[in-house]
Amino acid sequence: MSSTVSTSDTSVASWIQSNLTTLFQSTGAAGNAQAESSFDRIFAPNCEIRRNHEPLDLSTLKGDVTSQAAGSQGADVKWEQVVSTNDDRPDDASIVAGAFTVTRVMPFRIRASLAQRIVYVQFSAKVEAQRGGVDDGRRIISFYYTAVDRTPPIHFSIPHVAKVEKQD
């Protein structure tokens, strides 16, 4: 599944995909302000958060995401999978689970190309529909995720001379 989501799709899975994509693609000072407003819009103030099985508060999650975004020139979010419960009952709480990869491009180069950081995320979120709330009344009230941060391997070019076999 790609990072694009149809705006006409009203499922909880699409809603969370769209909002988390916006959140993780924010970069720079303008992106930090965008991420701050996104957090306030999609997460309940008392949201229960666990990262890699450790409890976390919302302000720490905000700080982590904005600090990663501040050090990058851009980010691409690729969704691997996402499933949800209760799409047929939008007034009930839903559980959404899925996986996505965030590839951030850094402002410095390693050899001839820009450096990258890749974060693999598996998550489970409980989304509650609140009457009279913000953004169609949906808010994440519980967010559990596992994140693995990696640097992709550097591919060194092999000089032409090394490719040619020696002839005796």
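The values are calculated or read from the model by the stated rules, or taken from the named source; none is laboratory data. This is a predicted model, so every value here is computed, not measured. To get the accessible areas, we keep the full protein, side chains included, count just its heavy atoms, and leave off ligands, DNA and RNA. Shrake-Rupley method; radii C 1.70, N 1.55, O 1.52, S 1.80 Å.
Summary table below
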{"read-out": "Protein-only accessible surface order, largest first, of Arg117, Arg150 at 1.4 Å", "value": "Arg150, Arg117"}
{"read-out": "Contour excess over end-to-end distance, with Cα ends at Met106 and Ser67 and 0.36 nm allotted per residue", "value": "12.8 nm"}
